[in-house]
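One structure is given below, encoded as structure tokens.
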There are 2 protein chains.
Amino acid sequence: MNSEERLIESTRELLWERGYIGTSPTAIQHRAKAGQGSMYHHFTGKSDLALAAIRRTADEMRAKAEEQFAAPGTAMERVTAYLRRERDVLKGCPIGRLTQDPDVMADPALRAPVDETLAWVRARLAEVLAEGRERGELDAGLDPQETAATIAAILQGGYVLARAADSVEPFDQAVTGVLGLLTACVPAPRT
Amino acid sequence: MNSEERLIESTRELLWERGYIGTSPTAIQHRAKAGQGSMYHHFTGKSDLALAAIRRTADEMRAKAEEQFAAPGTAMERVTAYLRRERDVLKGCPIGRLTQDPDVMADPALRAPVDETLAWVRARLAEVLAEGRERGELDAGLDPQETAATIAAILQGGYVLARAADSVEPFDQAVTGVLGLLTACVPAPRT
DNA sequence: GTCTATAGTTGGATAGAC
DNA sequence: GTCTATCCAACTATAGAC
């Protein structure tokens, strides 16, 4: 891995662990085993490097989610697979955590990938749910957009509760809880 | 309001807006219109001041939540009142946001009030739900603890989605969505 | 209690040599 | 491309005067 690549990857890690304000160019350089000259040769500065890092993380997040969304199976099966997927729960969401970073939210360029990615997740979940409703897999009264927001919020909120408790338990409970509520919206099969 | 009081209040605001890493003693002093000498006379340093601020915010958060939890009405009514209560959605949760602050989570003293407050919210919600289930207001198959985690996660996650979108819409949708799912667990009244 | 002075460290970046 | 030298501001805190 070349120096530019290492700088981006180190920035991705540090943004996840410490956020934008908490990540210094010096810390990035140390982790990437790159000098100052190298960093400022490849990138104009901290924000430029952060942009590259955030974009890559956002792309990766969408790709991983699409694996479950585009899989075969009923809507409930796909939503369950998405919620139950292996996750670094105690580390939280590398995109969601950036919403707490005022310097990220204040910069339209840095903010855009965060906004777009979470909006995409909601929209994609809504599509999956709408599809399930059309196929009669889900109750006709279920609102796809609202329920999609609920599911996306469960994940982001589950991370927060898990980090506070320093335990994955509340995350797992929140997921199990919403899946239980959703199951009640699955029409009984015609006998 | 005296100087000590102003320092605590300013710290509360800044922790909410910029987090622990992003809040400097200088910034606190400016907002509180207090000098350095004043601040270091009343508090041993940044973390000591942050502790006072976090404790107060945690107490306030519990008191506000208890208003809805202890109100008269069915479990669904109290949960609905809690979720629909007026909130500074785009500012997020002043306690939940601290879970993203590695320096807060690394210090047991600062971490404790965050952990305890969110655990309390879940436990209290579980009590309300269990009560509703016993009274026959909610489906017997509903797990109070899991559902409590779901509801608490909706709030924390709703804030994240709202901040990303710079709009309260996803927060409101997530809340409406989960209330819709919960309503499906309300047994039809005996006719 | 509050003020000013001081101080060592880190942050974020630039300049120019190689 | 990478290195070292240099820069100024901000961060966090201490010391001592008033």
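Average 1/r across all pairs of distinct alpha carbons in region A:1-103, invert it, and you get the Kirkwood radius: 15.0 Å. Distances, shortest first, from the label point of A:Lys33 to those at the same position in the other copies read 5.5 nm; the point lies 7 Å along Cα to C-beta. Under 30 Å of direct C-alpha separation, and excluding same-chain neighbours fewer than eight residues apart, A:Lys64 reaches these lysines: A:Lys33, A:Lys46, A:Lys91, B:Lys91.
Peptide A:115-123 has a mean shielding of 3, counted as Cβ atoms of other protein chains within 10 Å of each residue's Cβ. Extending 7 Å from the Cα toward the beta-carbon at both A:Thr44 and B:Ala70 defines two label points whose distance is 5.6 nm.
Rg then Dmax, both in Å and based on the Cα atoms of region A:25-75: 16.7, 53.
When B:Ile154, A:Ile8, A:Ile21, A:Ile95 are sorted by how many other C-beta atoms sit within 10 angstrom of their C-beta, beginning with the fewest, the order is A:Ile21, A:Ile8, A:Ile95, B:Ile154.
The mean number of partner chain beta-carbon atoms within 10 angstrom of a residue's beta-carbon across peptide A:90-102 is 5.
Partner shielding of B:131-144 amounts to 1, given as the average count of beta-carbon atoms from other chains within 10 Å of each residue beta-carbon. Please identify, among A:Tyr40, A:Tyr159, A:Tyr20, the residue showing maximal mean-square fluctuation in a Gaussian network model of chain A using a 10 angstrom Cα cutoff. The residue that fluctuates most here is A:Tyr40. Here the sum of -39500 (n - 2.57) over DSSP H runs of 4 or more residues, divided by the residues of chain A, equals -23000 deg cm²/dmol at 222 nm, to the nearest 500. Taking Cα atoms, how many degrees apart are the long axis of helix B:75-84 and the longest axis of chain B, rounded to 10 and kept between 0 and 90? For B:75-84 against chain B, the angle is about 40 degrees.
Could you put B:Thr26, A:Thr183 in order, starting from the residue whose Cβ has the fewest other Cβ atoms within 10 Å?
Starting with the residue having the fewest Cβ neighbours, the order is B:Thr26, A:Thr183.
Using a cutoff of 8 angstrom between alpha carbon atoms and counting only pairs six or more residues apart, the relative contact order for chain A works out to 21 percent.
Find the eigenvalues of the gyration tensor of the Cα atoms of chain B, then list the square roots of 5 times those eigenvalues as equivalent ellipsoid semi-axes, largest first, in whole angstrom.
So the equivalent ellipsoid measures 37, 16, 14 Å along its semi-axes.
For region A:117-167, the Kirkwood estimate of hydrodynamic radius, built from reciprocal distances between every pair of different alpha carbons, is 11.8 Å.
Taking one quarter of the surface of the convex hull spanned by the alpha-carbon atoms of the protein assembly as shown gives a direction-averaged projected area of 21.5 nm². Relative to the longest principal axis of the Cα atoms of chain A, the long axis of helix A:169-183 makes an angle of roughly 40 degrees.
Taking other Cβ atoms within 10 Å as a rough exposure proxy, B:Asp88, A:Asp101 sort from fewest to most as B:Asp88, A:Asp101.
By the scheme Lys and Arg +1, Asp and Glu -1, what is the net charge of all other residues having a beta-carbon under 15 Å from that of A:Ala112?
Value of the local net charge: -3.
Readers should treat all values here as calculations from the given coordinates under stated rules, not as data from a laboratory. Treat the numbers as computed from the prediction; the structure is a model and nothing was measured. So basically every Cβ, Gly included, is an ideal-geometry build from the backbone, and we count neighbours across all protein chains shown.
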